[in-house]
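Colleague: Could you have a look at this structure, given as structure tokens, before my questions?
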Amino acid sequence: MNALQANISGIIKSSVIDGPGNRMVIFFQACNLNCMYCHNSHTIGLCNLCGVCVQACPTQSLKIDTANKRIIHDTETCVHCDTCIKVCPENSSPFYKKMSVENLISEILEVKDFISGITVSGGEVMLQADFLVEFFTAIRKYPELKHLSILVDSNGNVGLDKWDKILDLTDGFMIDIKAYSPQIHKQITGFSNEKILDSIQYLDKKGKLDELRLVLVPDYNNGEDEINKISTLINKLSPEVRKVLIKMRKHGIRKKYTSLKEPNPEEIRKVQNRFKEAVISVFTI
Amino acid sequence: MEDIKNRVREVLTDGCLDYKQKKHNLAYIAESTQAYPKVSDEAMEALADKKICDLFEGSAPYRPRYILPDYKLALKKGIKYLELDPPTDFDEAINFLSILYSYVPSITGYSVYLGNIDQLLLPFVADLSEESIYKKLKLFWRYIDRTLPDAFVHINIGPEDNIIARAVLKVEREVKQVVPNLTLKYDTEKTSDALLNDAIKTVFEVAKPHIANHNMITTDFKGEYGVVSCYNSLPEGGGSHTLIRLNLKKITDQHSGNTDAFFAETLPKYCEMTLDIIEARIKYLVETVKYFETDFLAQEGIIKLENFSAMFGFYGLAECVNTLMKNEGHDFTYGHSEEANQLGHRIVEEMKQHVDARPLPYCEANNGRAFIHSQSGIDIDVEETAGARIPIGEEPDIYSHINAVAPHHHLINGGISDIFHFDDTVKRNPQAVLDIIKGAFKKGMRMFTFNIANSEFIRVTGYLVRRSDLKEFREEGSRYGSTSFAANSMDNKNVDKRIAKRVNSNERTASQY
Ligand code: SF4
Ligand code: SF4
């Protein structure tokens, strides 16, 4: 049917936290931001077959397959020590797989009776927007799947033309706002945020913004000025957009960022109160 | 005689039992003075070493184990024996039922079935407001919990969405009682998503109702059915004379030979033996005690002998499969490998064939055959997993779990249960549970029960206890008969580690004396 493939870092067949109902979640490899608090930093980069992990693996479970430009992973001998992921200079992993639309469809078919829909997440899914077009079109055409809702969990860091490609095929988007000020955004993610702010407003205008999330990182994005700016932005959006305040957690973050601190109850309450003053109802998790 | 005297004395002086519980236990001792209904020596031996278990029904059955009165008929005709006229309004209907409940016999002394309560009360709603219905039901619920303090007491609602069903769920969330146990009959056509959603939110609070696959269960019965005690589905206006269960683990442990020999010799032999015991007990109840000629429920047509059958139960399928696999040199375990699951399925199918091939007297409700029942376990089951369940703590992911157990469900017309555990986060997303329940029913599951980790209620084999009640019971005894059963269960198994199964109640307590 088509030759397009996506780099898939994982699939969860039952998730109750990635949108309404029971959902299958597909995680795409590679991201165009580099957040300090990323819990899955091995999904940020793409593998360049450098072989560092192959050398580092204590059980010799990895081999480079030069002909097919991929790494072969022996699941029998692997002891799940994660050394390979930790040593990878590319923030990548030897485990993600290339999958076709057909591969993914057959994964969904297995659980179709149990789910409300699917959520694609990352990494950054929009980097593989062309694949998404084919994938979502296939779902919409498939008689047993077309009723499923399709949600996209994105960092929003792409040009508006990318959204247009999949807008009509998608039920809703869940976008993170990491910070309002470009400087703070750069500190947290390594990149500026103009595209993200545009995307948020664009998706909202199109009636497709489901959820906006703010991950609270003390000493970075919890300042009064910052929260006020975010509130102003939120107040311009339609009130139906679900607003979620997420406490940054240090679980799984990279060594060099362990000095980050999780927000304490006082800091959370402060931000909650700011939102309250701005008449914004947020859900904290 | 000396022995009886000592047993009686032990009951009389047990500070953990209240007056009613003592009376119940004394009756059990008195019953045990009678000779067991006549069965072969081999069958008596199997009962003694628990290859076959009669669930402490007693040696001289003088009442059926499960009675499901036709409450609808009773409300319509009134009851002469109790000098009750047909009720004319909501209050009278509740009062009528409250009185009748206390006269329905069972093994535990408390009725295992209180009716499809919304269907029973709807004709009496008239112009009552939602508020006043709620208030009346709340008092009714308090009455039930305080006077029928046994977690096997079971009430049903559904399948249609209605004001009573909604009020029941609201009361449940509010009063947070162990009793009554509750089942919602779910029908893909008749039950609204909103009602199912309300039920799911109620489970979040009080670990009930169970959700029954009404479309499926209803085809197994000629008339109406009820879900009673621990997931037993039985005909209304009738019930089950007895429930005898086959311990698949024990018979496999003692089986020498390969799997083929198990199917050719051991399994049929013990199925027949179980059915022999069932037959002897039915005859004793019907012919010697003449229960159906003498009890007012039967005399007044509230129950009818033709609506009765018996139950052939089994448990320990997981251990049976694993042992047979091991004996054949395989490392396949039940719930985790296709081969093991297939073998489990074959065992259930064969049992069902034996049960269906054996005519039994006074079992007209199921065309002269017993209902087969995947028995959800009791406190003494230390080594055996309930029914056809996957052992606690070994459950695979939810889809594999459902796929492993669902194929049994259509065969088990007497009721089967599996318990699924959800993380606390699902409370924010009840729709997710709704999706999974619908999927499970599509896959052919008969009953869906789930729990939230760390809930205040603990599901023991088939019923609930409050975490705090358990603790108290160990120290000073509990108002609930079933708590002592649960305490034993909790001590025997890590049930509060994973929250687990569902049990029967006082019969076991009585047998300890
Ligand atoms: S996964 Fe990382 S370390 Fe391993 S070969 Fe690829 S880029 Fe190199
Ligand atoms: S996790 Fe990676 S490094 Fe560790 S054994 Fe497996 S392949 Fe090797």
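Here, each number is a calculation from the coordinates, and none is a lab measurement. The structure presented is a predicted model; accordingly, all values stated were derived computationally and were not measured. Every residue, glycine as well, gets a Cβ built from its backbone with ideal geometry; the counts of neighbours run over all protein chains shown.
Colleague: Would you kindly calculate the mean projected area, averaged across all directions, of the convex hull enclosing the Cα atoms of segment B:101-183, in square nanometres?
Modeller: Numbers: hull surface 20.8 nm².
Averaged projected area of segment B:101-183's Cα convex hull equals 5.2 nm².
Colleague: Which one of A:Thr137, B:Ala167, B:His210 is farthest out on the positive end of the charge dipole of the protein assembly as shown, using unit charges on Cβ (Lys, Arg +1; Asp, Glu -1) and the Cα centre as origin?
Modeller: Final value for the positive-end residue is A:Thr137.
Colleague: Based on alpha-carbon atoms only, what is the radius of gyration of chain A relative to the globular estimate 2.2 N^0.38 Å?
Modeller: Values: Rg = 19.7 Å, N = 285, 2.2 N^0.38 = 18.8 Å.
Compactness ratio reported: 1.04.
Colleague: Hey, another quick one. Roughly how compact is segment A:66-167, stated as its Cα Rg over 2.2 N^0.38 Å to two decimals? Don't jump to the answer; show the numbers that get you there.
Modeller: Values: Rg = 16.5 Å, N = 102, 2.2 N^0.38 = 12.8 Å.
Rounded to two decimals, the normalised Rg is 1.30.
Colleague: Please compute the Cα-Cα pair-distance distribution of segment B:317-359 with 10 Å bins starting at 0, giving whole percents from short to long.
Modeller: 32, 44, 19, 5
Colleague: Quick one, can you get me the convex hull of the C-alpha atoms of segment B:137-276 expressed as volume per residue in Å³? Please list the in-between numbers first.
Modeller: On the way: hull volume 23.6 nm³, N = 140.
Expressed per residue, the convex hull around the Cα atoms of segment B:137-276 is 169 Å³.
Colleague: Counting only Cα atoms, I'd like the Rg/Rh figure for segment A:113-203, Kirkwood definition for Rh.
Modeller: Working: Rg = 14.4 Å, Rh = 14.0 Å.
Across segment A:113-203, the Cα-based Rg/Rh ratio is 1.03.
Colleague: Semi-axes of segment B:356-433's equivalent ellipsoid from the Cα gyration tensor, sqrt of 5 times each eigenvalue, largest first, rounded to whole Å?
Modeller: On the way: eigenvalues 195, 52, 26 Å².
Rounded to whole Å, the semi-axes are 31, 16, 11.
Colleague: Also, I was wondering about something else. Write down the radius of gyration of segment A:184-279 and its Dmax, each obtained from C-alpha positions, in Å.
Modeller: My reading of the Cα-based Rg and Dmax gives 14.1, 40 Å.
Colleague: Enter the mean projected area of the convex hull around the alpha-carbon atoms of the protein assembly as shown, in nm², rounded to one decimal. Working shown, then result.
Modeller: On the way: hull surface 155.7 nm².
So the mean shadow area of the Cα hull is 38.9 nm².
Colleague: Where does chain B land at 222 nm, in deg cm²/dmol rounded to the nearest 500, when only DSSP H runs of n ≥ 4 count, each adding -39500 (n - 2.57), divided by all residues?
Modeller: Values: 22 runs with 224 residues, N = 513.
Calculated from helices alone, the mean residue ellipticity at 222 nm is -13000 deg cm²/dmol.
Colleague: For segment A:217-265, what mean projected area does the convex hull of the alpha carbons give, in nm²? Display every interim value, and only then the final one.
Modeller: On the way: hull surface 18.0 nm².
About 4.5 nm², averaged over all directions.
Colleague: List the equivalent ellipsoid semi-axes of chain B in whole Å, largest first, each obtained as the square root of 5λ for an eigenvalue λ of the Cα gyration tensor. It would help to have the intermediate numbers written out before the result.
Modeller: Working: eigenvalues 209, 160, 103 Å².
Taking √(5λ) for each eigenvalue gives 32, 28, 23 Å, largest first.
Colleague: Let me ask something else. Say the dipole of chain B comes from +1 at the beta carbon of Lys and Arg and -1 at that of Asp and Glu; which of B:Cys53, B:Val8, B:Gln177 then lies farthest toward its positive end?
Modeller: B:Gln177
Colleague: Another one. I need A:Ser116, B:Ser229, A:Ser199 ordered by Cβ neighbour count within 10 Å, fewest first.
Modeller: On the way: A:Ser116 21, B:Ser229 31, A:Ser199 24.
Starting with the residue having the fewest Cβ neighbours, the order is A:Ser116, A:Ser199, B:Ser229.
Colleague: Between segment B:68-85 and segment A:48-118, what is the separation of their alpha carbon centroids in Å?
Modeller: Using only Cα atoms to place each centre, the spacing works out to 68 Å.
Colleague: Here is a further query. Divide the volume of the convex hull of the Cα atoms of segment A:1-53 by its number of residues and quote the answer in cubic angstrom per residue.
Modeller: 156
Colleague: Just rank B:Leu122, B:Leu324, fewest to most, by other beta-carbon atoms within 10 angstrom. Intermediate results must be reported in sequence, preceding the final value.
Modeller: Working: B:Leu122 15, B:Leu324 23.
Neighbour counts put them in this order, fewest first: B:Leu122, B:Leu324.
Colleague: Which whole-number value in Å³ per residue fits the convex hull of the alpha carbons of segment B:263-355? Don't skip to the answer; put the middle values down first.
Modeller: Working: hull volume 10.6 nm³, N = 93.
Spread over its residues, the Cα hull of segment B:263-355 gives 114 Å³ apiece.
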